[in-house]
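Worksheet: one structure, shown below.
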Amino acid sequence: GDWVYSNSNLKFKANLLWLQGTIKNISKDVNEIILQENANSVIVENCKGIPGGNEWMKKGQYIMVFGEIQEIKPMNKRVKAIKISNLSNNTLHKEIWPYDVKEAKLIYGDRAKENIDL
């Protein structure tokens, strides 16, 4: 699915996005995780298909997900992972992320809401 952004000066569709957050849950087959930042959460699927494998994933890790939007609904947000990286070893990533989100809001306006709360 696509996320459509539009305001008076700009309109575009996006089907890829970058997320950062904490792994809250991992499926038994380690193909799906629930990623959470603050009150927002998203199901990340295709974790077995990422480059480098997924054996390192553990609940509580702070990670980056680059993926393709599958579904954006208030109670069901799904992203198909293309790349996942563990950012837990450097707290700077987590500290800087809110500023990256604020910059996106300045560039794209109010529709660029925090993280996955599209």
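Assorted remarks:
- Apart from one condition, Arg78 fits all of (1) of a type in the set (D, E, K, R); (2) at pLDDT 90 or above; (3) surrounded by fewer than 17 Cβ atoms within 10 Å (Cβ to Cβ); the exception is (3).
- Residues that are under 12 Å from Ile84 (Cβ atoms) and of a type in the set (Gly, Ala, Ser), drawn from segment 35-73: Gly49, Gly52, Gly53, Gly67
- Scanning segment 59-75 for residues that are closer than 13 Å to Ile33 by Cβ and either surrounded by 11 or more Cβ atoms within 10 Å (Cβ to Cβ) or of a type in the set (Ser, Thr, Tyr) (or both) returns Lys59, Gln61, Tyr62, Ile63, Met64, Val65, Gly67.
- Of the criteria (1) open to solvent by 70 Å² or more (accessible area, probe 1.4 Å); (2) modelled with pLDDT of 90 or more, which one Asp2 fails: (2)
- Within segment 79-97, the set of residues being in contact (Cβ under 8 Å) with a residue 12 or more places away in the chain and assigned to a helix (DSSP H, G or I) comprises His93, Lys94, Trp97.
- You will find that of Asn40, Asn86, the residue that is of a type outside the set (A, V, I, L, M) and open to solvent by less than 40 Å² (accessible area, probe 1.4 Å) is Asn40 and no other.
- If you go through segment 34-64 and keep only what is part of a loop (DSSP other than H, G, I, E, B), in contact with a strand residue (DSSP E or B) (Cβ under 9 Å, 6 or more places away or on another chain) and under 16 Å from Ser88 (Cα atoms), you end up with Asn54, Trp56, Met57, Lys58, Lys59, Gly60, Gln61.
The values are calculated or read from the model by the stated rules, or taken from the named source; none is laboratory data. Because the structure is a prediction, the values reported are computed rather than measured. Here the Cβ is made from the backbone with ideal geometry for all residues, glycine too, and neighbour counts use every protein chain on show. Just the protein is used for accessible areas: all its heavy atoms, side chains included, with ligands, DNA and RNA removed. Shrake-Rupley method; radii C 1.70, N 1.55, O 1.52, S 1.80 Å.
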